[in-house]
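See below for the structure under consideration.
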Amino acid sequence: MILVIIDDLRPDHLGCYGYKRKVSAAIDAIAADSVVFDNAFSQAPYTLPSTISILTSLYPSSHGMFLIYKDKLSKRVQTIAEIFSAYQYRTAWFSLLKTPHLDVDIGFGRGFQDKVELGIEFEGRQELLYWIEKNRKHKFFLAMDIRRVHDFFRFIRTSSKHKAGHAVAEQGSSSGDVERDFYLKIVKLALEKKTPFNDPALVSGHRDLFNGIYSAEKVDQIKQLFPEGKRQQLDNIRDGLFSAWVRSEAGKDIQSWINAYDETVSTTDRELIKPLLRELKRLGLYDKTLIIITADHGEAFGEHNEYGHNSLVYEVNHVPLIIKMPYASKPWRTKELAQGVDIMPTALDLAGIAIPHQAQGKSLSGLLRQSNTNGPNEYVFEQGRNKSSIRSKEWRLIVPNMEKRKKGIKHLYHLSVDPHERNNLYYFEQKIASKMQNELDRWQGSLVSYKDKEYEFSPEIDRLTRERIRETGYW
Ligand SMILES: [Zn+2]
């Protein structure tokens, strides 16, 4: 079985979801043998919590993985790879291994016998193809997170717009000192509690330099610049600089962003998915392999005045889900609701392995085999740092988490007439909003936390859940 997570991939930028640009020939070819889910959604709007949800079938507030450099996956949680390993599957994880959002040491590597770096330039591709060949006679679970699309902004081509950033980058590449000075400057500002976001040179330079943290070497380098206990600030600054840069640049020329994004989708498809597909066919494995292609979240291009991914808007919440069953007969699509936490129970179920009690998602196998035409989910849920969302086929409610609920803006969308979630009906459909809110609160109250004792409660967990967790002795 192969699980392909294309980090940051929006479904509506794929041919198999109706995109007009031809950027996804290989993915479309797999989709032509698959069940394609039109209504699949992520569990969180950014990589760390959402990807862990895929690998553990736990919602974010249950696995508690929100903050880089801080949160670590509890040993009490079983990962999909640990379960497949226990059933004598060969297991491998191909990803950026030391990026803080995917750090193998905080839980992403758990249960994988082989862990191999898969870089932005697809370094590791040959090892991936070789791994399949080497393990072709065994049962295997091969999973990967492909990061190229996530970092599309590195590939934006504009004539003069990012001059400042390029200037810093060029100097940076010829001299490590410039790069170090850049980091030191923002670290110093941050420690003085001053904002680096008003400095245009830092904001645009960030694109070329600060994203350099996505290598093990850089992470270590930057970690050393931050005093112990302050490292979380790195994440906040990175996010802040990124949003500042986006605000200053994206609104001006969104098409160049979309072009760069599409180019990274196309490059991923051509440079990784195509060779993967070819190798599976060459080895005679394609027909009998279960292939799942999905994303941890999408990307916003200003549709809701949001850019990037951090908010719960539709463009970030909606993800592709393409499942090629072994010996599939014919392709079809479903509008039933599916979500990231469903992937682990579905994969285990299809492999004939019992689904652990821990799993909070549901197996889609009945639907996939068309033995049950109804999907297993009446509702799907998403949890961000400050907001949560509940979605039925008909409605979606987004509300601030309990502690901020009185003040924050709430959203309610009528999906059958407004699938892209443009018209907020919260203040017009109070009855429906309160019904959805009750369902959301009931669901949140039912979640058990697997966060280990030494960690403090995260602010996302509301009071009732905390009390419940204390009562059940999980804390
Ligand atoms: Zn991501």
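Values quoted throughout were computed directly from the atomic coordinates according to the rules given, and no laboratory measurement underlies them. Computed from a predicted structure; not experimentally measured. We place every Cβ from the backbone using ideal geometry, glycine too, and count neighbours over all the protein chains shown.
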| Dividing the convex hull volume of the alpha carbon atoms of region 1-130 by its residue count, what do you get in Å³ per residue? | 133 Å³
| field | Reference-scaled alpha-carbon Rg (2.2 N^0.38 Å with N residues) for region 1-63 | value | 1.26
| Highest mean first, what order results for 92-102, 65-75 on Cβ atoms within 10 Å? | 92-102, 65-75
